[in-house]
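The structure under discussion appears below in the form of structure tokens.
The values are calculated or read from the model by the stated rules, or taken from the named source; none is laboratory data. Because the structure is a prediction, the values reported are computed rather than measured. Glycine also receives a Cβ, built like all others from the backbone with ideal geometry; neighbour counts cover every protein chain displayed.
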Amino acid sequence: MFAKIAADITEAVGVPKTGDQCCSRYKTVMRRKRSAAAHNSKSGNSPCDVPFDDDIARIRWLDDSLQPEELRDSSGIVSIKRPPRQASTSQASGSQELTSQGSTSQESTSTTKEPEPKKPKPSASRLLEMNHFFDEMRKIQEEKEKKRTERENERRKRHQERQEQKERIRQEKAKQHEEK
């Protein structure tokens, strides 16, 4: 996941990032958020700003569907292979299989159906938000490049003016030297 984010950032901004850098940055932001939230929850403390709180809330609002592949509980590690909605449908089909087992075994094997894998639906709002983000980053990068070229042109212009002024002074001194 962080490798994909790093690739998107590299493509959008032009600054190479690695997946480890993105993961580390995410952990740092979340640690600062937890620290600020803990500080703000204590009575008597003056409130401090929670960095990136609006951005985190917006991401959570758009799509907070990240689930770990494995969960740990008191009985051990539980592997999540499919969403709970699919698990309930497979239990319902399992009860249908039990009722059909009263007939011949050939019929029960023919009625056994493999649950079709559910195709993930891309979130349109998330996609629009990401496109907007990358467009804004592209605009910022273009503005930076434009300002950089303007500064460079201004620097060259000043350099040229200084060179011309030095040349004029040198010529004036040469004239004065010839007149003496």
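Using beta carbons and a limit of 9 Å, which pairs, at least six apart or on different chains, have the first residue in region 128-157 and in a helix (DSSP H, G or I) and the second one of a type in the set (Ser, Thr, Tyr)?
Correct list of pairs: 129/123.
Kindly establish whether residue 20 is modelled with pLDDT of 90 or more and over 12 Å from the mean Cα position of the chain (by Cα).
Taking the combined requirement at face value, the residue satisfies it.
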